[in-house]
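J.: Next up is a structure, given as structure tokens.
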Amino acid sequence: MKRLVALAFVAVLGVAGCTAPEAQLGPDGKPLPRVYRISSGDVSKIQFRLLDSVNALRQARGVSPLQLNAALNAAAATHARDMSVQNRPWHFGSDGSSPLDRATRAGYPGMLLGENISETFETELETLAAWMQMPDTANVVLDPNARDLGFSFYQESNGKIWWTMVTGDGSAALSVPSTGS
């Protein structure tokens with residue numbers, strides 16, 4: 001009998017562990033949003049998830065895929081952090097730098113083509129979806145001249161995320177050095 005009670009107890013615990021946690025409700029009765037927390041180990045996963053999504057969108061439009069570029073990633077990371085410090089989403093750095101200035105400083109040898117920014121609590125894919133809703137930002141994602149992508153973010157302790165995406169033409173990778181005669 002003790003075994004039967006013990007088995008029943010274990011079964012009840014097992015079923016209780018399978019149920020979804022109850023969502024917290026706000027004053028309007030709707031579920032409260034959960035904060036999208038990013039750990040330091042997720043950086044490259046997030047960058048590649050966004051790259052894959054961008055390339056799927058580009059492929060659907062018949063545009064060549066992009067590749068991640070370390071210099072553009074660095075320029076994007078610098079600007080994401082700087083926007084947080086300034087507490088405003090805009091394309092100019094606190095030192096007056098433009099997106100082109102930041103790409104050059106980061107060592108990008110090609111031509112910078114565009115920059116998308118966002119201040120949000122949303123994931124990278126939700127942010128990409130929002131960029132695709134606006135013609136100006138969708139044009140950055142789908143620019144047929146783009147070959148390189150830089151993407152990074154800065155997350156504040158309250159969960160707010162500052163996203164920056166930049167694209168470049170990869171012209172340095174396309175150029176062939178001349179062999180003087």
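The values are calculated or read from the model by the stated rules, or taken from the named source; none is laboratory data. All figures in this text were calculated on a predicted structure; none of them were measured in a lab. Cβ coordinates were reconstructed from backbone atoms using ideal geometry, including for glycine residues, and neighbour counts include every protein chain displayed. When the accessible area is computed, the model is the full protein with side chains, heavy atoms only, and any ligands, DNA or RNA have been set aside. Shrake-Rupley method; radii C 1.70, N 1.55, O 1.52, S 1.80 Å.
J.: Put +1 on the Cβ of each Lys and Arg and -1 on the Cβ of each Asp and Glu in the range 67-181; which of 109, 90, 140 then has its Cα farthest toward the positive end of the dipole?
T.: After comparing all options, I get 109.
J.: What does the charge add up to near residue 159, with Lys and Arg as +1, Asp and Glu as -1, over the other residues with Cβ less than 11 Å from its Cβ?
T.: +1
J.: Calculate the dipole size of the range 55-173 relative to its Cα centre from +1 charges on Lys and Arg beta carbons and -1 charges on Asp and Glu beta carbons; express the result in debye to the nearest 20.
T.: I would put it at about 180 debye.
J.: Once you order the gyration tensor axes a ≥ b ≥ c over the Cα atoms, which shape class does the range 104-165 get: rounded for a/c under 1.5, otherwise prolate or oblate by comparing a/b with b/c?
T.: oblate
J.: Now for a separate question. Through the Karplus equation 6.51 cos²θ - 1.76 cosθ + 1.60, θ set to phi - 60°, convert the phi angles of the range 64-69 into ³J(HN,Hα) values in whole Hz; use x for Gly and Pro.
T.: Result, ordered by residue: 5, x, 9, 10, 5, 10 Hz.
J.: Using a ≥ b ≥ c from the Cα gyration tensor of the range 55-173 (square roots of the eigenvalues), is it rounded, prolate or oblate, where a/c under 1.5 gives rounded and otherwise the larger of a/b and b/c decides, a/b for prolate?
T.: oblate
J.: To continue, here is another question. Before I look further, what does the range 26-181 give for accessible area per residue, probe 1.4 Å, in whole square angstrom?
T.: Per-residue accessible area for the range 26-181 comes out at 55 Å².
J.: With the crude spin-label approximation of a point 7 Å out along Cα→Cβ, what separation in nm comes out for residue 160 versus residue 134?
T.: Spacing of the two 7 Å Cα→Cβ label points: 1.7 nm.
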